[in-house]
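Undergrad: First, the structure itself, so that you have it in front of you.
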Amino acid sequence: MGVINERMMFETYNDFYIRRNIIKDLFHRLSDNGKEVYKYYLYSNRLLSTMKVDLIWEYLREPDNSFAKTSEKDLAKYYNKSGDK
């Protein structure tokens, strides 16, 4: 196994969105160092805009018991139901 758990890897925004709950659960299990490494992985994905990467990072860091859950709603705005563009 490499540095990043394969189950946390994704290529497109839609791929992330569909598997976001699994990825978030695995993210919360990472050590602080593991989370930092994942942040580098996330921001190295140049197929996604910086805005989308920032949104994903915010979502991953948001506690599960967050009252607002605003990032979940924001994530859905960019999900393309007809497939990736």
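Undergrad: Which one is modelled with the lowest pLDDT, of the residues in segment 36-85 that are among the aliphatic types (A, V, I, L, M) and touching a Leu at 6+ places or on another chain (Cβ under 9 Å)?
TA: Filtering segment 36-85 for residues that are among the aliphatic types (A, V, I, L, M) and touching a Leu at 6+ places or on another chain (Cβ under 9 Å), the one modelled with the lowest pLDDT comes out as Leu75.
Undergrad: Turning to a different aspect of this structure: Kindly provide the set of residues from segment 26-40 that are surrounded by fewer than 18 Cβ atoms within 10 Å (Cβ to Cβ) and either under 10 Å from the mean Cα position of the chain (by Cα) or farther than 19 Å from Leu75 by Cβ (or both), ordered by number.
TA: Within segment 26-40, Arg29, Leu30, Ser31, Asp32, Asn33, Gly34, Glu36, Val37, Lys39, Tyr40 qualify.
Undergrad: Name the single residue that is farthest from Ala76 (Cα to Cα) among those in segment 4-25 being open to solvent by 20 Å² or more (accessible area, probe 1.4 Å), assigned to a helix (DSSP H, G or I) and out of contact with any Leu (no Cβ under 8 Å at 6 or more places or on another chain).
TA: Glu6
Undergrad: Inspect segment 50-58 for any residue being out of contact with any strand residue (DSSP E or B) (no Cβ under 6 Å at 6 or more places or on another chain), part of a loop (DSSP other than H, G, I, E, B) and open to solvent by 30 Å² or more (accessible area, probe 1.4 Å) and give the result as yes or no.
TA: Within segment 50-58, none of the residues are out of contact with any strand residue (DSSP E or B) (no Cβ under 6 Å at 6 or more places or on another chain), part of a loop (DSSP other than H, G, I, E, B) and open to solvent by 30 Å² or more (accessible area, probe 1.4 Å).
Undergrad: Please enumerate the residues belonging to segment 26-48 that are closer than 13 Å to Arg61 by Cβ and part of a helix (DSSP H, G or I).
TA: Those that are closer than 13 Å to Arg61 by Cβ and part of a helix (DSSP H, G or I): Phe27, His28, Asp32, Lys35, Glu36, Tyr38, Lys39, Leu42.
Undergrad: Considering only residues that are of a type in the set (A, V, I, L, M, F, W, C), open to solvent by less than 70 Å² (accessible area, probe 1.4 Å) and farther than 23 Å from Val3 by Cβ, which ones fall in segment 59-84?
TA: Of everything in segment 59-84, those that are of a type in the set (A, V, I, L, M, F, W, C), open to solvent by less than 70 Å² (accessible area, probe 1.4 Å) and farther than 23 Å from Val3 by Cβ turn out to be Ala68, Leu75, Ala76.
Undergrad: Residue by residue through segment 14-49, note down the ones that are β-branched (Val, Ile, Thr) and in contact with a helix residue (DSSP H, G or I) (Cβ under 9 Å, 6 or more places away or on another chain).
TA: Ile22, Ile23 - these are the residues of segment 14-49 that are β-branched (Val, Ile, Thr) and in contact with a helix residue (DSSP H, G or I) (Cβ under 9 Å, 6 or more places away or on another chain).
The values are calculated or read from the model by the stated rules, or taken from the named source; none is laboratory data. None of the values given here were measured: they were computed from a predicted structure. In this analysis, Cβ positions are derived from the backbone assuming ideal geometry, glycine residues included, and neighbour counts consider all displayed protein chains. Only protein heavy atoms, including side chains, enter the accessible area calculation; ligands, DNA and RNA are left aside. Shrake-Rupley method; radii C 1.70, N 1.55, O 1.52, S 1.80 Å.
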